[in-house]
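Heads up: the structure comes next, in structure tokens.
Nothing in this text is a laboratory measurement; each read-out follows from the coordinates by a stated rule. What you see is a predicted model; the values in this text were computed from it and never measured. Using ideal geometry, Cβ is built from the backbone for each residue, glycine included, and neighbour counts are taken over all protein chains shown.
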Amino acid sequence: MSTPKKLKIGLIGGGPGSFIGAIHLNGALMDGMYELVAGAFSSNPEKSKKRGEELMLDPKRVYGSYDEMFAREMELPESERIDVVVIVTPNNFHFDPTVKALKHGFHVALDKPLTLNYTEAKALYHEVKKSDKLFLLTHTYSGYPMIKQAKQMIAEGQIGKVRKVYVEYPQGWLYKLLETENNKQAEWRTDPNRNGLAGCMGDIGTHAFHMAEYITGEKVSHLCADLYIKIEGRPIDDDGVVLLRFENGASGVLMASQTDTGCENNLKVRVYGEKGGLEWEQELNNSLTVRFPGQPAQIFRAGTGYLGSLAQENTRTPAGHPEGYIEAFANLYRNFARCIFAEHAGETPKKEWQDYPGVEDGIRGMAFIDHVLKSTASDIKWTPFVVEK
């Protein structure tokens with residue numbers, strides 16, 4: 001493949017004080033494959049201008065709205081305009097800018113979940129499918145090397161047919177009504193008009209659901225859910241439990257909470273099959289515990305030569321040098337860029353590069369939210385998991 005030019009990013013969202021916007025940028029820029037050249041960083045033009053100044057961008061390419069950004073960028077020569085639109089807004093501003101970006105001919109990287117609701121998700125699914133542009137949905141945790149290792153080991157049959165899946169995502173940061181204390185992150189994540197009708201389960205439960213399907217390669221066929229509001233006065237759930245059935249007959253349990261007081265951010269996955277088991281947790285993300293009957297537990301470590309091709313392709317440092325959250329983002333962005341470069345060159349990207357979440361993952365995540373809400377409201381024990389498109 002010939003050496004390509006850097007992909008030019010136009011960022012939507014990520015204004016002053018944004019947490020996730022800075023994370024996305026750090027990840028995207030890590031490998032030198034992208035450069036930030038433009039942005040509509042806030043719906044408030046003054047805040048957008050301020051963020052553009054902080055990022056030392058050309059003031060002419062700092063816009064007051066994403067509509068203005070699309071219109072003005074299209075006036076530039078093709079060699080100068082943005083290539084990829086990165087969207088890091090609250091969920092109620094996922095659908096419209098994504099559709100418009102695709103229609104203007106830009107590739108899109110979107111923070112999860114796919115949309116505000118399932119109706120939007122189905123419409124966006126078809127927009128992505130009929131577009132000739134590539135689409136990345138940043139389910140971050142699928143970018144960790146040892147998650148890639150677990151996925152490959154299961155796909156290769158090393159633990160046999162999957163029987164049981166446990167996935168839990170405990171957080172404690174919403175243990176009180178932070179949304180009443182001028183906390184920007186809490187305000188929009190607990191607002192059904194900006195976050196969607198599922199709170200905790202929509203925010204982090206979707207990560208847990210994606211992880212269960214991504215690692216095992218198995219699809220959920222039925223679920224039974226119960227959502228809770230632990231903190232009085234909060235309009236949407238902050239805690240929940242979901243029983244899972246998979247198409248291959250495996251069973252599972254998914255737990256997610258943002259009111260587990262004192263917990264930080266320790267997504268955990270355990271998968272057990274006919275021959276062995278695998279265990280991983282986000283706060284010790286460079287390790288994967290592997291269990292086989294009659295043997296001591298083994299600890300596989302990132303950066304070592306005995307790992308499979310998926311992990312090797314997504315590892316940056318030698319063993320013992322920790323890689324973490326931002327590097328997981330960077331892995332997604334690097335794989336996405338490599339696929340774009342391959343497409344531009346008329347080449348087929350390596351299968352390891354194509355291993356990033358896309359619109360299929362996104363619509364399954366929104367179907368998960370929809371079914372969890374319906375199951376919680378129903379007296380019927382099991383809800384069939386059907387993905388409408």
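Rounded to the nearest whole angstrom, the semi-axes of the ellipsoid equivalent to the stretch 249-304, taken from the Cα gyration tensor as √(5λ), stand at 24, 17, 8, largest first.
Only helices enter the 222 nm calculation for the chain: every DSSP H run of n ≥ 4 contributes -39,500 (n - 2.57), and dividing by all residues gives -10000 deg cm²/dmol, rounded to 500. Taking the centroid of alpha carbons for each part, the stretch 232-248 and the stretch 305-373 are 26 Å apart.
The ranking of M211, M153, M30 from fewest to most other beta carbons within 10 Å of each one's beta carbon is M30, M153, M211.
Specify whether the C-alpha gyration tensor of the stretch 54-207 places it in the rounded, prolate or oblate class, a ≥ b ≥ c being the square roots of the eigenvalues: rounded for a/c under 1.5, otherwise prolate if a/b is larger than b/c and oblate if not. Taking the square roots of the gyration eigenvalues as a ≥ b ≥ c, the stretch 54-207 is oblate. Whole-Hz Karplus values for the stretch 234-248 come out as 8, x, 10, 4, 10, 6, x, 9, 9, 8, 10, 10, 9, 4, 7 Hz, taken residue by residue from phi with 6.51 cos²θ - 1.76 cosθ + 1.60 and θ = phi - 60°; glycine and proline positions read x. Taking the square roots of 5 times each eigenvalue of the Cα gyration tensor of the chain, largest first, gives ellipsoid semi-axes of 33, 26, 20 Å.
Positive contributions from Lys and Arg (+1) and negative ones from Asp and Glu (-1), summed over other residues with Cβ under 12 Å from the Cβ of K230, come out at -3.
Over the chain, Cα pairs under 8 Å with separation of 6+ residues give a relative contact order of 19 percent. Length gained on full extension, A155 to L29, computed as 0.36 nm times the residue gap minus the Cα-Cα distance: 42.3 nm. Let me know the shape class of the stretch 7-141, please: from the alpha-carbon gyration tensor, a ≥ b ≥ c as square roots of the eigenvalues, rounded when a/c is under 1.5, otherwise prolate if a/b is greater than b/c, or oblate. In terms of gyration-tensor shape, rounded.
Cβ crowding within 10 Å, taken as a proxy for footprinting-reagent exposure, orders F329, F209 from fewest neighbours to most as F329, F209. By the count of neighbouring beta-carbon atoms within 10 Å, fewest first, C339, C200, C263 end up ordered C263, C339, C200. A straight line joining the Cα centroids of the stretch 93-125 and the stretch 178-206 runs 19 Å. Just to confirm the filter: which GluC sites (Glu not before Pro) across the stretch 253-338 are DSSP coil and have at most 15 other Cβ within 10 angstrom of their Cβ? Sparse-neighbourhood loop GluC sites (Glu not before Pro): E264, E274. Computed on the stretch 7-141, with alpha-carbon pairs under 8 angstrom and 6+ residues apart, the relative contact order is 22 percent. Sorting 286-292, 177-183 by their mean Cβ neighbour count within 10 Å, with the most densely packed peptide first, gives 286-292, 177-183. Pick out which of L332, L284, L116 has the largest mean-square fluctuation in a Gaussian network model of the chain, springs linking Cα atoms closer than 10 Å. Judging by the Gaussian network model, the answer is L284. When the Gaussian network model of the chain links Cα atoms closer than 10 Å, the mean-square fluctuations of K151, K219, K351 top out at K351.
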